[in-house]
Amino acid sequence: MNLHNLRKTYILSVLALGAALSASAQSETTQGGTPLVSAPGPGLVGTNYSELSFGYQNQGGSPGELRDYEFLSNAAVYREGIWGGDANFQYDHLTGGGDGYSNRRDRGMFGLTGYMTQSWGKPFVTADAGYAWQRAGNISERSFAYELQGGVEFQVLPALSLSPFLEYDAEPRLHNLLPATANFPDHVLDYGVKATYRLTRQWSLSATALLDQHSGRDFGVRAGVDYRF
């Protein structure tokens with residue numbers, strides 16, 4: 001089995017674990033056959049929090065390694081029954097070197113998340129839009145940017161949640177319709193899973209593993225710290 005298949009098997013195993021544990025939790029949180037809405041747990045969807053995180057991406061081409069520094073702030077702005085909505089702001093700084101160049105991309109976006117609270121988890125959809133600017137191969141470029149994400153947040157242990165997700169993000173005009181001057185993809189589809197472990201009422205740690213569609217060698221990891229307010 002090659003490394004790509006091992007990574008894919010790992011992520012699928014995590015998703016299966018989340019589904020199995022959430023099904024078990026569902027059977028324990030029913031009364032008279034009627035599902036009960038789950039109590040607040042370690043998950044982040046539907047809460048007020050800020051997150052600082054660092055991501056590492058290994059990929060084919062040049063640069064072969066990317067480092068991503070991200071700040072995210074989320075606010076719960078709507079809740080009616082099982083339905084809810086969040087608003088967020090995110091800023092990230094992506095860097096990578098190759099072929100004698102030091103490349104960077106910055107991006108700021110605002111977005112909204114809609115979700116539904118169930119006894120077995122919280123399915124959610126997020127849409128973000130904003131602006132990106134980069135300098136790659138000594139060429140500066142700018143573009144509008146957007147990101148779409150969908151997933152489900154499962155509480156699998158009292159202090160642990162898992163969120164499998166699909167995510168598509170794009171900066172359509174960063175390369176001005178010309179070949180890229182560096183391997184900073186202007187669109188990418190990622191699939192992965194994020195784990196959040198609650199340390200205290202305010203503080204949590206998070207870890208994310210993901211793959212993208214561009215190459216079997218492309219994989220990423222991210223670690224973060226979260227503060228709820």
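The values are calculated or read from the model by the stated rules, or taken from the named source; none is laboratory data. Model, not experiment: these values are computed from the prediction. Glycine also receives a Cβ, built like all others from the backbone with ideal geometry; neighbour counts cover every protein chain displayed.
Filter segment 162-178 down to residues that are of a type in the set (A, V, I, L, M, F, W, C) and surrounded by 15 or more Cβ atoms within 10 Å (Cβ to Cβ), then give me how many there are. Explain how you work it out, then say what you get.
First pass over segment 162-178, keeping only residues of a type in the set (A, V, I, L, M, F, W, C): 162, 165-166, 170, 174, 177-178.
Narrowing the set further to residues that are surrounded by 15 or more Cβ atoms within 10 Å (Cβ to Cβ) leaves 162, 165, 170, 174.
Number satisfying all stated conditions: 4.
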Please work out which residue is surrounded by the most Cβ atoms within 10 Å (Cβ to Cβ), limiting yourself to segment 65-123 and to residues that are small (Gly, Ala, Ser) and in contact (Cβ under 8 Å) with a residue 60 or more places away in the chain.
Gly121
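Would you check if Tyr69 is among the aromatic types (Phe, Trp, Tyr) and closer than 15 Å to Val45 by Cβ? Break it down into steps so the answer makes sense when it comes.
Numbers: among the aromatic types (Phe, Trp, Tyr): yes; closer than 15 Å to Val45 by Cβ: no.
Taking the combined requirement at face value, the residue does not satisfy it.
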Hits in segment 72-93 (condition: over 13 Å from the mean Cα position of the chain (by Cα) and of a type in the set (A, V, I, L, M, F, W, C))
Ala75, Ala76, Val77, Ile82, Trp83, Ala87, Phe89
Give segment 53-64 a look and list any residue that's in a strand (DSSP E or B) and buried (at least 18 other Cβ atoms within 10 Å of the Cβ), or say none.
Ser53, Gly55, Gln57
Being acidic (Asp, Glu) and out of contact with any strand residue (DSSP E or B) (no Cβ under 7 Å at 6 or more places or on another chain) is the filter here, so list the residues in segment 46-99 that pass it.
Glu80, Asp99
Among Arg67, Arg79, which is the only one that is within 22 Å of Gln149 (Cβ to Cβ), modelled with pLDDT under 95 and in a strand (DSSP E or B)?
Arg67
Of the residues in segment 129-161, those that are crowded, with 21+ Cβ neighbours inside 10 Å and either under 20 Å from Glu70 (Cβ atoms) or without any contact (Cβ under 8 Å) to a residue 12 or more places away in the chain (or both) number 7
